[in-house]
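To keep things clear, I will list the structure first and then write my remarks on it.
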Amino acid sequence: MDIWPAPAKLNLFLHVVGRRPDGYHLLQTAFQFLDFGDELAFRVTGDGRIARTRELPGVAVEADLTLRAARALKDVSGATQGAEITLTKRLPAGGGLGGGSSDAATTLIALNRLWGTGLSTPQLAALGLGLGADVPVFVRGHAAWAEGVGEQLTPLELPQPWYLVLVPPVQVPTAEIFSEFARQRGLTPYTSPRTIRDLRAGRTANDLESVTRARYPQVQRCFELLDACLPESGRAGRPRMTGTGGCVFAELIDVDAGKGALATLPEGFSGFVARGMNRHPLYGTDATGVPD
């Protein structure tokens, strides 16, 4: 079976600029992929059954985004085939790296090709939005400026630096962080909308960082560790949190310094060094059926 990559993403910033009547927050963010992530393999079957070949600790079958993505594609396309899905998990749950969303997107891309269902990229992205707000950026396959709940995407060409990413020993639930943010906000205005020019000039931040750092000491510890183990000469700017957390990252000037920092991490904390990518590794290749 072929291996289909499901890369991580970073939110290079995250601003909360308002709230819809249905309670969902309106966001601005920039997504960039990493050359590190999960891997999936698929075996097409003729019995129509959708199944995973190994258990995913802490994730019930009905909550598994890969299975949900496969079933959604089967329902909308009328495909009669089934699939056995093997997921090799490297990205932490609740880390802000988009692992589940990336897995779902790769499942849609792969099975669209393997089943011959012929859906277009916009159709797959719309289907993915029903699974999660981050799924469309992985389906469309390009680093992007995002607005709305994260689904309104404008492709970006960004520098593709190396990053050091630290993973705390904790899962951070997205809904909890947004709920606490809304509770604390009170009469404080939402962040004023930014522009792509602000991103390029470094005039952006993560509005949810303070909430997550206060609620999860392990995330706060990641910031401290990055400051302690990675000299300022080895990184560009301050450490940042991706999404609602809990992973924390720093852009590297010195890749060797980033790799060396990993060796100093205390027990329970882990991390990796990866390069930023503006294109999904499956994007635009004949093997995926994703059109340019």
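Among 261, 51, 182, whose mean-square fluctuation peaks in a Gaussian network model of the chain (Cα, cutoff 10 Å)?
182
If I take every Cα pair under 8 Å that is 6 or more residues apart in the chain, average their sequence separation and divide by the length, what percent do I get for the relative contact order?
24 percent.
Build a GNM of the chain with springs between Cα atoms under 10 Å: which of 245, 94, 202 gets the top mean-square fluctuation?
Maximum fluctuation in the GNM of the chain, among the listed residues, is at 202.
Give me the distance between the Cα centres of segment 212-290 and segment 1-27, rounded to whole Å.
17 Å
With θ set to phi - 60°, apply the Karplus curve 6.51 cos²θ - 1.76 cosθ + 1.60 along segment 52-64 and write out the HN-Hα couplings as whole Hz, x wherever there is a Gly or Pro.
9, 8, 9, 6, 10, x, x, 10, 5, 3, 5, 9, 6
Sort 24, 163 so that the residue with the fewest other Cβ atoms within 10 Å of its own Cβ comes first and the one with the most comes last.
By the 10 Å Cβ count, ascending, the order reads 24, 163.
List the residues whose amide H sits under 5 Å from the amide H of residue 91, counting only those 5 or more places along or on another chain, with H placed 1.01 Å from N in the peptide plane.
Answer set, sorted by chain and number: 38.
If you take the C-alpha gyration tensor of segment 162-277, multiply each eigenvalue by 5 and take the square root, what semi-axes do you get, largest first, in whole Å?
26, 19, 10
Which residue, 62, 147, 176, has the most motion in a Gaussian network model of the chain that connects Cα atoms within less than 10 Å?
62
What size of dipole, in debye to the nearest 20, comes out for the chain about its Cα centre when the only charges are +1 on Lys and Arg C-beta atoms and -1 on Asp and Glu C-beta atoms?
400 debye
Taking the Cβ-Cβ separation of residue 191 and residue 227 as r and a Förster radius of 30 Å, what is the calculated FRET efficiency to the nearest 0.05? Spell out each step's value before the answer.
On the way: r = 25 Å, r/R0 = 0.83.
The computed FRET efficiency comes out at 0.75.
Using only the alpha-carbon atoms, how far is helix 99-114 inclined from the longest principal axis of the chain? Give it as 0 to 90 degrees, nearest 10.
30 degrees
Quick query: amide H of residue 131 versus all other amide H atoms, modeled in the peptide plane; which residues come in under 5 Å with a sequence gap of 5 or more or a different chain?
Here the answer is none, since no amide H 5 or more places off falls under 5 Å of that of residue 131.
Which value at 222 nm does the chain reach when only helices count, each DSSP H run of 4 or more adding -39,500 (n - 2.57), with the total divided by all residues and rounded to the nearest 500 deg cm²/dmol? Provide the component values of the computation, followed by the final result.
Numbers: 9 runs with 90 residues, N = 292.
It comes out at -9000 deg cm²/dmol, rounded to the nearest 500.
When the Karplus curve 6.51 cos²θ - 1.76 cosθ + 1.60 is applied with θ = phi - 60°, which whole-Hz ³J(HN,Hα) does each residue of segment 251-257 get, with x for Gly and Pro?
Those phi angles translate into 6, 9, 8, 10, 4, 4, 5 Hz.
Give the calculated FRET efficiency between residue 200 and residue 3 to the nearest 0.05, with a Förster radius of 30 Å applied to their Cβ-Cβ distance.
Details: r = 35 Å, r/R0 = 1.16.
The calculated FRET efficiency here is 0.30.
So how long is each side of the chain along the principal axes, counting just the alpha-carbon atoms, biggest first, in Å?
Extents along the principal axes: 55, 46, 35 Å.
Just to be sure I understand the model, the point goes 7 Å from the Cα along the line to the Cβ. What's the resulting residue 180 to residue 43 distance in nm?
Going from the residue 180 label point to the residue 43 one covers 4.3 nm.
From the backbone phi of segment 146-163, what are the Karplus-calculated ³J(HN,Hα) couplings (6.51 cos²θ - 1.76 cosθ + 1.60, θ = phi - 60°) in whole Hz, Gly and Pro given as x?
Those phi angles translate into 10, 9, x, 9, x, 9, 8, 10, 10, x, 10, 9, 10, x, 10, x, 8, 10 Hz.
Work out the FRET efficiency for residue 149 and residue 75 from their Cβ-Cβ distance, taking R0 = 22 Å, and round it to the nearest 0.05.
0.45
Looking at the chain only, what percent of DSSP beta bridges run antiparallel? Nearest 5 please.
Expressed as a percentage, antiparallel bridges in the chain total about 90.
In whole percent, what relative contact order does segment 4-155 give with Cα contacts below 8 Å and a gap of six or more residues?
Dividing the mean separation by the residue count of segment 4-155 yields 28 percent.
Throughout, read-outs are computed from the coordinates displayed, never taken from laboratory work. Bear in mind the structure is a predicted one, so any value in this text is a computation, not a measurement. Neighbour counts are summed over all protein chains in view; Cβ atoms, including those assigned to glycine, are modelled from backbone coordinates with ideal geometry.
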